[in-house]
Amino acid sequence: MSNNNEYKFFEMEKQQKKPFSKSFTEKIFEGRDDDEIFFRDFHRNDDVFSEKMELLVEISEWLEETTIKDFYDEIQKKIIGQEELQYVVTNVYNYLQNISRSAPVNNNMILSAPSGCGKTETYRVLKDYFAEKIPTLEVYIVDVSQITSTGFKGLDASSILNPFFQNKIEDAIGIVFLDEFDKKIMPIYDSNGMNVNKEVQGNMLTIIEGTAVEGKDPGNRQMKVHTENLMFLGIGSFDYFREDKVHTANPIGLGAQDLWNEKEENEDRFCRIEREDMIEAGAINEFIGRFPYIVNYHKLSDEAIASIIEMAVERVKNSFALNGLILTDEYRDVLFAQANSKFGCRLIDATLKNAVLKGYSKCNLEHPDRILSSLMILGDESVEPIWEEDDEEEEWVC
């Protein structure tokens, strides 16, 4: 074995002044013969080996400097009003602890959340957070609805690991968000009555349970990615499963349809999804069993929605370089109604930006000689300008 790599490793450890657990190296190479380890990790992939060491040092440093409470406090500033966010954050922290101490990794989680409740935002916030705190940690999202069974046009299950194949990383460490996860565990039947998603689940199961997945690097060379040290987080709205669940309690009799519509609109979109609901609706037991944790995001409180609106106001105000952005009570009611619709809070930013853009454009084009300071948005989405150094006693609506 080349002493050069050993020297680099111990020099890195010395410079960081932090002990590094050799047991991690032993664990990730467990079950592979000495020749494979020697040639792959010390001769062919010297840079990859060094990057792995760098990642482990970054994780170790972050854990020493950050408590679960510190981590949670940062994340919950941007994911508002979801009590079960604490379980997501704690699980991610525990995953990194397990990586650091060479413990077995079994932190896969399913996050069920109707549209606009914060599931995709959870991914964005965690990705941005770790991009700053642990830059070499892979945190990415894959749309698994594009994965198809053999013989169908689409992506192969191994595409979940594309970032590792592209970067020639064989011992994968990172957090992989499986977007539209619910779309691959609901039954989809072909013309012969076969559930084609069962094969997809089987192919994904092989990856998620921890194995060596074959693929090709950018140079078209064959390689394997070992997945036993990855954390998979399946996210989706799970609307189909809620529908299937609540239809079993569909009311009958006079006025039943009105009761059903009201119930569906207000409660059913947010009812909890459990493991049993997924299996009863058609998911493979063994596949769902690889996700020990299930978290549900709930309907946001008025207080949480108000906070989200204020954050959106601040973002939009800054994007248009305004001194102020004022919302009337009537316009706030419009945003609240959107937040409680099937689209959730995801449209608040877009609705606000659309109203501001129209008003901002009209004010500046019709009054190029004046400097716009602030805008007030009225209930009908019209906009009233507030000018800098306004010498005229003129009030008008854009």
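Only the coordinates and a few stated rules stand behind these numbers; no lab work does. Small disclaimer: the values here were computed from a predicted structure and weren't measured. Glycine also receives a Cβ, built like all others from the backbone with ideal geometry; neighbour counts cover every protein chain displayed.
Just a few scattered comments:
- Other-chain or far-sequence residues with amide H under 5 Å of Leu155's (modelled H): Ile147, Thr148
- Pairs over the 32 Å Cα-Cα cut-off, from the set Lys168/Lys317; Lys133/Lys216; Lys183/Lys216; Lys168/Lys299; Lys69/Lys358; Lys119/Lys358: Lys168/Lys317; Lys168/Lys299; Lys69/Lys358.
- Computed extension length for Leu347-Lys133: 74.1 nm, one decimal, from 0.36 nm per residue of separation with the Cα-Cα distance subtracted.
- For region 90-144 versus region 281-341, the inter-centroid distance based on Cα atoms is 20 Å.
- Around Asn323: net Lys/Arg minus Asp/Glu count, Cβ-Cβ under 12 Å: 0
- Extension gain for the segment Arg101 to Thr206, taken as residue separation times 0.36 nm less the Cα-Cα distance, is 35.3 nm to one decimal.
- Within region 295-398, the GluC sites (Glu not before Pro) that combine a DSSP coil assignment with at most 10 other C-beta atoms in a 10 angstrom radius are Glu388, Glu389, Glu392, Glu393, Glu394, Glu395.
- Cα gyration tensor, region 101-178 - rounded (a/c under 1.5), prolate or oblate: oblate
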